[in-house]
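J.: Take a look at the following structure, please.
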Amino acid sequence: MNIKFKLIQYIIVIIMFMACTDNHNEKTITYSKIDSINEKVDSLIKIMTLKEKIGQMNQYNGFWDVTGPVPDNGDAEIKYEHLKNGLVGSMLSVRGTKAVRAVQKIAIEESRLGIPLIIGFDVIHGYKTLSPIPLAEAASWDLEAIEKSAQVAAAEASAAGINWTFAPMVDISRDPRWGRVMEGAGEDPFLGSKIAVARVKGFQGDDLSAVNTIAACAKHFAAYGFSEAGKEYNTVDIGNSTLHNIVLPPFKAAVNADVKTLMNAFNEHDGVPATGNEYLLRNILKDKWDFKGFVITDWASIKEMVVWGYTKDKRDAAKMAALAGSDMDMESHIYVSELEQLVKDGVIDEKIIDEAASRILAVKFELGLFDDPYRYCDEAREKEVVNNPEHLDAVLDMAKKSIVLLKNENDLLPLKKEGQNIVLIGALANEKNSPLGSWRIASKDNTGVSVLEGMQNYKGNNLVYKKGADVTVGDTQFVDELTINTTDKSEFKDAIDAAKKADVVVMVLGEHGFQSGEARSRTDIDLPGVQQELLEEVYKINKNIVLVLNNGRPLSITWADKHIPAILETWQLGTQAGHAVAQVLYGDYNPSGKLPMTFPRNVGQIPIYYNHKNTGRPVRDAYNPDLVFWSHYSDVENTPLYPFGYGLSYTTFKYENLALEKTVFSINENINLSIDITNTGKMTGKEVVQLYIRDLVASTTRPVKELKGFELIELQVGETKTVNFVLNKASLGFYSNQGDFITEPGEFEIFVGGNSNTTLNTRFELK
Ligand code: BGC
């Protein structure tokens, strides 16, 4: 440890020592021996200048390479000066032990107090070894596996110098047009909350100071997933009931799980940008929920408040963001330029700065950065951990669990392992880049296993590959997708000719990995480009088609559902994608995934979600069946193509004996219920048993169904298991429009089954 670092510890010890009123004369006490993090933080804050405290609130994007500053909008030199002067508290997107060590060294050795930087990065679904995109992982409903996946990501990222991830994204969304649904857990607040907790636990572990854990960040606070019309960065306009019951619960669950940071959002809520939203950040998050960590803004979102027309200039924006409770400024460069003067002018109380800086320093202490700022910069560990072969097994396991079987007529799947002529079609079948999905910034391009490679492991069949058509005309990472879907059909014929002779045709179609993600909103969620046409052409000459979907959002595949006998939803499954798909196609793994988001029949049905309200006219009038005045469309039915929670298996399950111990319960009683599930098919399989409730009458209208429990079970052929669920006051309550949690007496309906469409039900009364 260098001399400066020791010196600051010593200064703090002296201050602590002087502050003590007892006879403490332990001169040899070291700073690290002060037990409470709050005391450490307070003592450090006391010796910091106002500028240095504001510096902690400033985060810059990586402008630092191993060898020095790199051009970053031309201001790398200024940023470097700030770093040396203790005016930078964090950097994002610097990665690799060498680069992180280089930048940390400047903060430690050249700034006056040598306060370590916290190093953030978007470790969204893995660092170099990639697991499936988060929406896919959510389809596993396997909380243990999801936690393990985050653990692997944390292990690799922390070995590469990173100690903070901007994940999990816990935004609930009902709109597949929004490209970022790939990054979340889907449409449901109950499932979303469970997954938020699993991910936070996976990243942060039990001990944040352990070298293989990193701080998590629940984002984007709040309501970003409700951008109007699914258009990226658009206005949000939701009511209080949706805010409290749908949007906020996963954030609250993450806070209860001790998530260390939150990121605010690009959108506004009720006319106030989230970055400057005192109601969300102070009243709810910091006061009501007692959140102790810190809030980072989203990229340049302080600056954007001027563009929104919410603040007149940078100074005003800094004031509103800081007062609202945004603690760290990501890349607006505004706190560092404006806050000092605002404090000097008496517009902002220095206490606000102290509070923000203290929250940030506390997380740095918890990470152990003050004990050893280079603890995440061990090159030997980096070599050993990043891309460790064991991680390949872990992400393969997660990938298989994420696959959802949507249709399987006449048991076309699993494929026979021998004696078949199989023709594989689609550019995505031969893709090693697309399966990595969006947000794979640290991984190398083309490091995913393609479906073709995965299927080539099964040698008993004759496998022929034909591209048929591309999806896009180029790499779409930084280009607008709308301009580059291919129209080229020149390779159709080759594919169709091959398909004529096939026993089974496997077609891998869907979105390229860069067609979902941030700034990838679409108004049309059909198969992009000429793929639908290719599918229909091949179908004309061979109906034995297995459609393997690749996508980062629900797609509308109504034609395919009607005609294609087998459909497998495989999302973007990360590094091991092709192996996972092949193992499911050949029946070495029996799929058990369930959709975390509703699939619409067409884009016009959006937003369509299972936990909708009943309306006053939910069905056709039984007495006047000719009347049109009920809640419906004239051109398409109300039901979705595939409901939330839906997914098949190669085996079948029977649900029976839904039993409640009684029918009337007092409000403080536990409500125990049980259900028997039997594997009635021909293969061992897993099933996600789902429990939904409906509160029949309440002081604000309640959804027609709400998920309140689920359990993933495995059953041998013929085996029956009894699954028990417990409901209580907490599971039966909801948030009022004032944000108060209430449980009201009255009648409830309970539904249990294998998806949200289940009708197996019973009722009870809460007194
Ligand atoms: C995204 C955040 C992300 C940040 C840093 C923003 O554009 O909205 O989710 O963490 O960039 O990369």
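J.: I'd like to check something: does the stretch 414-436 contain any residue that is over 27 Å from Tyr589 (Cβ atoms), at pLDDT 95 or above and open to solvent by less than 50 Å² (accessible area, probe 1.4 Å)? Steps first, answer last, please.
T.: Residues of the stretch 414-436 that are over 27 Å from Tyr589 (Cβ atoms), as a first pass: none.
Within the stretch 414-436, none of the residues are over 27 Å from Tyr589 (Cβ atoms), at pLDDT 95 or above and open to solvent by less than 50 Å² (accessible area, probe 1.4 Å).
J.: So, one more: Can you tell me how many residues in the stretch 331-362 are touching a strand residue (DSSP E or B) at 6+ places or on another chain (Cβ under 6 Å) and open to solvent by less than 10 Å² (accessible area, probe 1.4 Å)?
T.: Filtering the stretch 331-362 down to residues touching a strand residue (DSSP E or B) at 6+ places or on another chain (Cβ under 6 Å) leaves 331, 335-336, 359-360.
Of the ones still in play, those that are also open to solvent by less than 10 Å² (accessible area, probe 1.4 Å) are 335, 360.
So the answer is 2.
J.: Is at least one residue of the stretch 177-184 open to solvent by 10 Å² or more (accessible area, probe 1.4 Å) and more than 15 Å from the chain's Cα centre (by Cα)? Talk me through it step by step, then tell me what you get.
T.: We begin by selecting, within the stretch 177-184, every residue open to solvent by 10 Å² or more (accessible area, probe 1.4 Å); these are 177.
Checking the rest, the ones that are also more than 15 Å from the chain's Cα centre (by Cα) come to 177.
Yes, that holds for at least one residue.
J.: Given the structure, is Met263 outside any loop (DSSP other than H, G, I, E, B) and within 18 Å of the chain's Cα centre (by Cα)? Can you show your working first?
T.: Numbers: outside any loop (DSSP other than H, G, I, E, B): yes; within 18 Å of the chain's Cα centre (by Cα): yes.
Considered against the rule, which asks whether it is outside any loop (DSSP other than H, G, I, E, B) and within 18 Å of the chain's Cα centre (by Cα), Met263 comes out as yes.
J.: Could I ask something else about it? I'm checking my understanding of the structure. Among residues of the stretch 611-633 that are hydroxyl-bearing (Ser, Thr, Tyr) and modelled with pLDDT of 95 or more, which one is surrounded by the most Cβ atoms within 10 Å (Cβ to Cβ)? Write out each step before concluding.
T.: Step one: filter the stretch 611-633 for residues hydroxyl-bearing (Ser, Thr, Tyr), giving 615, 623, 631, 633.
Among the residues that remain, those that are also modelled with pLDDT of 95 or more are: 615, 631, 633.
On the way: Thr615: 12, Ser631: 14, Tyr633: 11.
Per the criteria, the residue is Ser631.
Rundown of residues vs (1) under 15 Å from Ala150 (Cβ atoms); (2) not hydrophobic (A, V, I, L, M, F, W, C), yes/no style:
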position: Ala185; (1), (2): yes, no
position: Gly225; (1), (2): no, yes
position: Ser241; (1), (2): no, yes
position: Leu248; (1), (2): no, no
position: Lys260; (1), (2): yes, yes
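J.: Report every pair of residues separated by at least 6 positions or lying on different chains whose Cβ atoms are under 6 Å apart, first residue within the stretch 176-190 and more than 16 Å from the ligand (Cβ to nearest atom), second of a type in the set (S, T, N, Q).
T.: Arg177/Ser521
J.: Pick out the one residue from Thr49, Thr21 that is away from the ligand (no atom under 16 Å from the Cβ) and modelled with pLDDT under 90. Break it down stepwise before answering.
T.: Values: Thr49 fails: modelled with pLDDT under 90.
Only one candidate qualifies: Thr21.
J.: A further question on this structure: Name the residue, out of Lys303, Lys319, Lys286, Lys312, that is within 15 Å of the ligand (Cβ to nearest atom) and either buried (at least 18 other Cβ atoms within 10 Å of the Cβ) or without any contact (Cβ under 8 Å) to a residue 24 or more places away in the chain (or both). Write out each step before concluding.
T.: On the way: Lys319 fails: within 15 Å of the ligand (Cβ to nearest atom); Lys286 fails: within 15 Å of the ligand (Cβ to nearest atom); Lys312 fails: within 15 Å of the ligand (Cβ to nearest atom).
Checking each option against the conditions leaves just Lys303.
J.: Pull up the stretch 221-238, narrow it to residues that are in contact with a helix residue (DSSP H, G or I) (Cβ under 7 Å, 6 or more places away or on another chain), of a type outside the set (A, V, I, L, M) and within 14 Å of the ligand (Cβ to nearest atom), then point me to the one that is farthest from Gln738 (Cα to Cα).
T.: Among those residues, the one meeting the criterion is Glu232.
J.: Working carefully through the options Ala138, Ala153, find the one that is under 20 Å from Ser592 (Cβ atoms), touching a residue at least 24 places away in the same chain (Cβ under 8 Å) and surrounded by 24 or more Cβ atoms within 10 Å (Cβ to Cβ).
T.: Values: Ala153 fails: under 20 Å from Ser592 (Cβ atoms).
The match here is Ala138.
J.: Among the residues that make up the stretch 239-252, is at least one of them closer than 28 Å to Val688 by Cβ, within 14 Å of the ligand (Cβ to nearest atom) and free of Cβ contacts under 8 Å to residues at least 60 places away in the same chain?
T.: Within the stretch 239-252, none of the residues are closer than 28 Å to Val688 by Cβ, within 14 Å of the ligand (Cβ to nearest atom) and free of Cβ contacts under 8 Å to residues at least 60 places away in the same chain.
J.: Okay, moving on. Would you kindly identify the helices (runs of 4 or more DSSP H) lying entirely within the stretch 312-410 that contain at least 2 residues that are over 30 Å from Ser649 (Cα atoms)?
T.: Numbers: elements: 314-324, 335-344, 350-366, 379-385, 389-402.
Qualifying helices (runs of 4 or more DSSP H): 314-324, 335-344, 350-366, 379-385.
J.: Being away from the ligand (no atom under 11 Å from the Cβ), in a loop (DSSP other than H, G, I, E, B) and open to solvent by less than 70 Å² (accessible area, probe 1.4 Å) is the filter here; which residues of the stretch 289-300 pass it?
T.: From the stretch 289-300, those away from the ligand (no atom under 11 Å from the Cβ) are 289-295; that's our starting set.
Adding the requirement that they be in a loop (DSSP other than H, G, I, E, B) leaves 289-293.
Of everything in the stretch 289-300, those that are away from the ligand (no atom under 11 Å from the Cβ), in a loop (DSSP other than H, G, I, E, B) and open to solvent by less than 70 Å² (accessible area, probe 1.4 Å) turn out to be Trp289, Phe291, Gly293.
J.: So for the stretch 640-653 (the condition being outside any loop (DSSP other than H, G, I, E, B) and of a type in the set (Ser, Thr, Tyr)), does at least one residue qualify? Walk me through how you get there before you give the answer.
T.: First, pick out the residues of the stretch 640-653 that are outside any loop (DSSP other than H, G, I, E, B): 642, 648, 653.
Next cut, of a type in the set (Ser, Thr, Tyr) only: 642.
Yes; the residues of the stretch 640-653 include at least one that is outside any loop (DSSP other than H, G, I, E, B) and of a type in the set (Ser, Thr, Tyr).
The values are calculated or read from the model by the stated rules, or taken from the named source; none is laboratory data. None of the values given here were measured: they were computed from a predicted structure. Counting neighbours? That spans all protein chains shown, and the Cβs are built from the backbone with ideal geometry, glycine included. We work out accessible area using only protein heavy atoms, side chains counted, and drop any ligands, DNA or RNA first. Shrake-Rupley method; radii C 1.70, N 1.55, O 1.52, S 1.80 Å.
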